[in-house]
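One structure below.
The values are calculated or read from the model by the stated rules, or taken from the named source; none is laboratory data. Source: prediction; values computed, not measured. Don't worry about glycine lacking a Cβ; one is built from the backbone with ideal geometry, like all the others, and counts go over all protein chains shown. With ligands, DNA and RNA removed, areas are computed over all heavy atoms of the protein, side chains included. Shrake-Rupley method; radii C 1.70, N 1.55, O 1.52, S 1.80 Å.
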Amino acid sequence: SKSSLNDPADRGKWAEKQVHSFLDSQASRFAMFSFERLPDARAARGRFKAMVADFDIARPGLSAFIEVKCSHHDYRIAKDKLEQLPRLRMWSLAGREFAVVIYHSELNKWRIALKNFFGLDGMPASWDLRELPLFDSAEEALRSTGWFR
């Protein structure tokens, strides 16, 4: 529930559930769309290594990772929230798309940053996301990519 959004872990789980729900609806509507929720190493208390993203999605012509983040800040995401970015960049060089979906809990709004937003090298202390549009839902943000029908 949204009432538990004061706890950072709960905020992140809530945001992931919003994305998961949308991906579920796509998979149930389109036979040629598939996705997998990748295991969460933190939830498994380190029993396996961290995955590159939260979701792995595929349809004809698209293979992509989706990472979901939650931020208290209205327009920034800190580099420590994107520790897997170097791995995502390596996958990108191999032809894989990726997107980072950010839920801004203070605004109750969403943004989505595609791989080109992050470039191929460097890790600033944080990224200023103000050039990216705000959306009212995870679904709107994800649909803005053109990856979904």
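Using the beta-carbon distance between ARG37 and GLU131 and R0 = 30 Å, what value does 1/(1 + (r/R0)^6) give for FRET efficiency, to the nearest 0.05?
Values: r = 29 Å, r/R0 = 0.98.
Using R0 = 30 Å, I get an efficiency of 0.55.
What's the lysine pair count for the chain at a Cα cut-off below 14 Å, pairs eight or more apart or interchain? Working shown, then result.
Numbers: LYS2/LYS13; LYS2/LYS17; LYS2/LYS109; LYS13/LYS69; LYS17/LYS69; LYS69/LYS79; LYS69/LYS81; LYS69/LYS109.
Lysine pairs meeting the criterion: 8.
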Self-check item: Cβ crowding within 10 Å averaged over residues, with 28-40, 133-145 ranked highest first
Solution: 133-145, 28-40
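How much accessible area per residue does the chain have, counting only protein heavy atoms and a probe of 1.4 Å, in square angstrom? Write down the numbers at each step before the final one.
Working: 8180 Å² over 149 residues.
Accessible area per residue, the chain: 55 Å².
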Self-check item: Residue (of SER71, TRP110, ALA50) at the positive-pole extreme of the range 29-112, dipole from beta-carbon charges
Solution: ALA50
Quiz item: Between the range 14-36 and the range 105-149, what is the C-alpha centre distance in whole Å?
Solution: 18 Å
Exercise. Work out, in µm²/s and without decimals, the Stokes-Einstein translational diffusion coefficient of the chain at 4 °C, 1.567 mPa s, Rh from Kirkwood over C-alpha pairs.
Key: 82 µm²/s
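Express as a percent, rounded to the nearest 5, the fraction of DSSP beta bridges in the chain (both residues included) that run antiparallel.
Working: 19 of 27 bridges.
Looking only at bridges with both residues in the chain, the antiparallel portion is about 70 percent.
Can you compute the charge dipole magnitude of the chain about its Cα centre, using +1 on each Lys and Arg Cβ and -1 on each Asp and Glu Cβ, nothing else charged? Give it in debye, rounded to the nearest 20.
On the way: 24 positive and 20 negative charges, 59 e Å.
That gives a dipole near 280 debye.
Considering only the range 24-112, what is the antiparallel percent among its DSSP beta bridges, to the nearest 5?
On the way: 13 of 21 bridges.
Within the range 24-112, antiparallel bridges account for around 60 percent of the total.
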Quiz item: If you place +1 on the Cβ of every Lys and Arg, -1 on the Cβ of every Asp and Glu, and leave all else neutral, what size is the dipole of the range 100-149 about its Cα centre, to the nearest 20 Debye?
Solution: 160 debye
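Carbon and sulfur together cover what percent of the accessible area of the chain at a 1.4 Å probe radius?
Working: 4140 of 8180 Å².
Whole-percent figure for carbon plus sulfur exposure: 51.
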